[in-house]
Every structure is written in C-alpha cells, then in structure tokens.
1. Using protein chains only and a probe of 1.4 angstrom, how many square angstrom of residue 367 are accessible, to the nearest 10?
2. Considering only the other residues whose Cβ falls under 14 Å of the Cβ of residue 151, what net charge follows from Lys and Arg at +1 and Asp and Glu at -1?
3. So, how do all the Cα-to-Cα distances of region 340-426 break down into 5 Å bins, in percent, from 0 on up?
4. With an 8 Å cut-off on Cα pairs and a minimum separation of 6 or more residues, tell me the relative contact order of region 347-420 in percent.
5. With a 1.4 Å probe and all protein chains left in place, how much accessible area per residue does region 268-331 have, in Å²?
6. Take the residue pairs 318/429; 91/179; 251/282; 251/318; 282/406; 282/318 and return only those whose Cα atoms are more than 20 Å apart.
7. Over all alpha-carbon pairs in region 101-197, figure out the percentage whose distance exceeds 21 Å.
8. Just read off the accessible area of residue 162 with the full protein assembly in place, 1.4 Å probe, to the nearest 10 Å².
Amino acid sequence: MGIIESFVLSVIATIGTTSVLVSNILYLGLYAGIGLGASYLAGQVSRLFVQKPSVPRPEDGSFNLKQNVPSLPIVYGTVKKGSDYVFLEEKSGTAYHILVWCGRRINNFTQHYLHDKKVTLNGSGVVTSPSHFGSNVTILSRRGLNAETAYSPVVSAFSTVWTNNHRGDGLASVMMSCKTVSQEDYLDVYPNQMPEHSAVGEGALLYDPRKDSTQPGGSGSHRYGDPNTWEFSRNLALIRLDHLTKPYGGKLSYADMYMPDWMNAADVCDENVTNRSGGTEKRYHGGLWFRANNDATDVGRNIDEAAELVVYERPDGKIGVHAGEYVAPTVRLTQSDIFAISIDKNRRKAATVLAVRGRYVNRSNDYVTEDAALYGDPYGAIDDDSERTRTFDNVCIQSHNHCQRKQKLTFTRANARRVQITADYRAAKGVAYSRFVTVHWPSRGLAEAVIEITSGVTRDLRNMRISFAGIVVSSSLYDFNAVTEEGQPGAVIEPVPDSGVPVPVDFFGIDRNGSRIWWQHRSLRFGDMGLCRRQPHLRVRMGTDRRFGAGAVGLLDRWANRSPILLSRGREGIQVPS
C-alpha cells in the first residue's frame with residue numbers, strides 16, 4: 001500500500017464512531033481531491049515544457065497576418081514590418097482594411113510601403129506615388145494613444161458594425177482604403193492585385209532614468225509611473241529595462257531596478273563610435289519586434305547579446321546590470337584563495353574558430369537582413385578538422401559596424417582559454433556581483449589574468465566555497481579600430497526604374513492585297529501593341545490615346561508612297577480603311 005493510501009486510511013481511522021457511509025464518502029472525497037491536485041500539478045509542470053514561439057526574424061513581418069485573435073506585436077526601436085488584420089470589408093466598390101502594427105503606443109510611422117515599394121502620401125493620406133495608383137488608395141494611421149479616434153471613413157461606411165467607440169486605444173494601427181476601378185484599367189492601377197501594406201515605424205516610448213529628476217543623478221520630467229512623459233529611443237539598455245518591467249517580459253516593477261546601473265548602461269549604449277566610413281554612430285543601438293506570446297527569455301537574450309549586457313540580482317535584491325564595457329575587477333584571487341582550478345588552453349584544432357560570419361538588418365536598404373563582412377580568415381589553416389567559421393546572428397543589430405564589433409567579440413571568446421575555479425567564500429563572495437575578476441597564479445600561467453565570468457556562480461555555504469567558470473581576456477576586449485578591423489559591407493543593389501512596356505516602332509504588317517504596311521510612332525502614346533495580321537480588313541490591336549477621338553487614334557504609312565492613312569476604331573480593334 002502506498003503512502004497516499006496509508007494517509008487516507010489513517011484519517012478515516014481517526015473518525016471513530018463515524019458511519020461506514022460517511023467514511024466511504026470521505027475516502028472517495030479525499031481521493032478525488034488528491035487526484036485533482038495531482039492533475040493540476042501535472043498541468044503546471046507540463047506548461048513549463050511547452051515550447052513558446054521564438055523571436056521572429058525581421059523577414060517574418062513581410063506579410064500581413066489574417067488570424068482570429070493574434071498575439072499582440074511589440075515593437076522596440078525602428079523596424080519595418082507588416083500588420084495584423086482586424087477589419088476587412090467592402091462597401092460601394094471600396095475595400096477598407098484596418099491593421100494593427102503594434103500592440104502599444106508608438107512614436108510615429110516614418111514610411112509606408114505597398115508591395116514592398118515606398119509610397120508618398122499627401123496631406124489627406126492619398127497615395128500620390130507611385131502614380132499608377134492614381135487617387136484610388138488612401139492610408140491613414142494612428143499611433144496608439146490612450147484615447148484614440150476611430151477611422152471616420154469606416155464609421156461612415158459601416159455604422160452598424162464599426163462605431164466611434166471602435167477607437168483602438170493603445171494600438172498603433174493603419175487604415176487603408178482601395179477603390180474599385182474598371183476592368184480595363186485594373187492591371188494598370190493594381191498591377192500586383194490588392195495592395196499589401198507594410199511600414200517603417202519608430203516603436204515604443206521608453207522610460208529613461210537619466211531624464212528623471214527624482215532619480216539620483218537624473219534630470220528631467222520622465223517618471224516611470226507616467227508613460228506620457230516617456231520618449232522614443234533605440235538605446236538597447238533602455239529597451240531591456242522596459243522589457244523587464246512588462247507583462248510579456250520580466251514582470252518586474254521599476255522599483256525593483258537598481259537605477260544607477262541602468263543609467264550607466266544607457267550611457268555606454270549612447271557612446272559614439274567611429275565606423276569604417278569615418279562617421280559616428282551609437283555604440284549599442286538597435287531594434288526588434290516580437291509577439292507577446294514569444295519566449296521572454298529568448299527576447300531578453302537577444303537584447304542582452306546585442307548590447308553586451310549582463311543582468312544580475314544584487315545583494316539588496318534589486319536587479320542590476322553590467323554594461324557592455326570593460327571595468328577593472330574589484331575581486332582578486334590568488335593561489336591561497338583557490339581550492340581547485342582547471343585550465344583549458346582551448347587549442348584543439350577541431351574547436352578552433354578561424355573566422356566569424358555575421359548577419360544584421362540594414363536600415364539603409366529597407367531593413368533587409370544582410371551578411372556582414374567576414375571577420376578573420378577561414379582559410380588560415382589547411383587542417384580540415386578545425387571548425388573554421390561560426391555565425392553570429394542577432395535580430396536587434398541594425399548596423400554593419402555594430403555587427404563587426406560583435407563578430408570580433410565572438411571570435412575572441414571562442415578561442416580564449418577557459419578556466420573553472422573553486423575558491424574560498426571570504427575572498428570570492430564578490431564574484432557573484434562582478435563581470436570580471438583577477439586571478440593571480442603564475443605557475444598556472446595566470447599572472448594577474450583577467451577572467452570574464454561566463455557561467456552562473458555556485459555558492460556552497462556548507463563548505464564556504466564559491467565556484468564559477470570563465471575565459472581569459474584582456475583589458476582591451478572591447479577595443480575596435482574600424483579603419484583596420486571593419487570589413488567592406490556589401491553594396492546596396494539599386495533597383496532599375498520601371499519604365500513600362502516600350503512603344504513598338506518600325507512595325508511591319510501585310511494588308512489584304514499583300515502590300516507591306518509600315519507603322520511608325522507619331523507622338524501618340526499607345527498602350528499594349530498587338531500585331532498586324534491578314535484578315536478581310538487589316539486590324540491592329542493597340543491601346544488608344546485618350547487625347548484623340550475614336551476616329552483618330554494612329555497613323556499607318558504605306559510602304560510604297562508613305563502616304564498616311566487615318567485609322568478608325570472597330571469592334572475588334574483598329575480598322576484600316578480599304
């Protein structure tokens with residue numbers, strides 16, 4: 001008999017004079033309760049192993065999603081993406097689309113696209129370029145304010161199902177209307193069928209503790225309790241701070257954050273660095289989009305990796321962060337402090353990384369994901385056992401220089417010496433709150449060596465010991481000379497302008513008498529040119545120029561005397577008089 005059965009029977013035995021019926025009911029009730037508890041526990045455990053969707057790639061947002069209840073999209077920084085349909089109906093020959101671009105307030109839309117081509121809007125939202133749309137497509141947008149305004153064209157057309165109460169508070173959205181055109185003009189106006197909308201936008205507004213005068217060292221009107229005081233930023237440290245405090249992120253509060261650390265990390269992200277072209281850019285700026293049901297750990301890992309952040313819990317329980325910079329270690333361990341040490345020189349040919357490939361989102365090329373220049377030399381060794389290359393790929397990185405700096409760090413860390421250390425707690429207790437430590441054990445090849453901690457720190461309070469792993473690095477870990485170390489980025493391919501179908505010239509035909517007819521373009525704009533063919537009456541299939549009437553749409557020259565012949569419109573095309 002198992003433990004649960006023994007427990008149930010012991011409870012029943014203590015009832016004493018309780019009737020057999022009551023005892024049976026109690027037995028069954030307890031058994032059912034235990035069963036329900038076990039089922040609930042199993043359900044909760046199973047949820048832990050459910051694979052959540054991974055962070056979407058930038059190209060995953062190329063198309064608009066049509067789904068009943070999609071998870072809200074969240075946008076940080078500047079990105080290009082499609083939207084989620086919430087309304088699509090037609091009325092009186094006009095199709096109305098309402099699409100949600102972001103599930104929270106954004107700063108602004110900066111560029112609209114139709115079929116992945118940039119469009120220009122006038123003050124009323126009418127698409128004026130490309131010109132083939134005429135005045136048939138209109139695009140309106142909302143930023144997702146706390147109290148938004150419903151789209152009046154949709155309210156007017158569908159007042160019974162879409163009212164002024166359908167405001168979309170807190171949702172950055174787009175309304176696109178497309179008018180119906182005649183069948184003859186349809187492919188001219190909509191050559192790619194119904195327009196597919198996407199947009200570049202500046203995403204969520206972020207709290208910046210440096211601009212909060214209530215924070216020590218801060219100055220400004222930002223308040224973490226009032227999102228209306230926040231501003232747009234591509235600073236990855238501020239993005240991570242926001243993500244940690246949201247329900248789809250760390251579910252923490254701003255009061256849980258150690259703000260001096262986050263202010264310093266934001267300063268590091270805002271530092272100017274020089275790129276290959278001699279210009280300057282910010283050290284750790286970027287952007288990404290994801291959905292509220294994506295794995296929060298995966299989202300956070302991407303942000304941390306792009307900005308070289310290490311988030312940790314401080315002794316006071318607050319959440320601090322190590323910025324992406326080298327800081328001189330405050331913890332120094334010597335041979336007398338170390339109980340055990342293991343050093344891996346990491347010189348096995350099978351594990352040697354000769355070069356690092358990189359991928360980044362190119363903001364100057366319509367946010368297309370591109371390959372960065374190769375860092376290292378993949379052909380530097382002829383041994384086929386070496387790993388040769390490794391790929392660095394992060395959805396947050398939107399600069400070639402940023403990607404190259406990360407490629408160098410990946411290369412350095414992949415080939416660095418590895419150490420595992422168990423040290424005395426009294427000397428190493430600060431390791432848990434540090435990113436770099438100094439280890440001095442000359443006989444083991446570690447003379448004032450700087451160790452970057454790459455693992456979790458294990459505390460053994462019974463034996464008063466601390467264990468951790470790391471790699472040997474130099475104080476110049478983050479140094480980068482763009483002139484000599486940043487490779488040549490790939491060239492941006494300029495698309496060839498679309499000039500349309502060329503007008504045919506010097507076109508020959510044969511009339512019913514066998515005479516050759518020569519058609520020349522005489523300053524008349526014809527559309528599609530068909531062909532001259534032998535029929536009872538010579539007909540030429542071509543478009544018409546609306547500047548002329550039905551009886552004057554083109555000229556034919558007889559080959560013999562070059563005399564012009566006036567054409568007239570017939571039911572089957574352009575008829576040549578006999």
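1. Spelled out: residue 367, probe radius 1.4 Å, area about 30 Å².
2. Net charge around residue 151: +1.
3. All Cα pairs, binned at 5 Å, distribute as 3, 14, 19, 16, 14, 11, 9, 7, 4, 2, 1 percent.
4. 41 percent
5. 43 Å²
6. Flagged as over cut-off: 251/282; 282/318.
7. Of all Cα-Cα pairs in region 101-197, 41 percent lie more than 21 Å apart.
8. My reading of the accessible area for residue 162 is about 40 Å².
The values are calculated or read from the model by the stated rules, or taken from the named source; none is laboratory data. All values derive from a computational prediction rather than experimental measurement. With ideal geometry, Cβ positions are generated from the backbone for all residues, glycine too; neighbour counts draw on all protein chains shown. We work out accessible area using only protein heavy atoms, side chains counted, and drop any ligands, DNA or RNA first. Shrake-Rupley method; radii C 1.70, N 1.55, O 1.52, S 1.80 Å.
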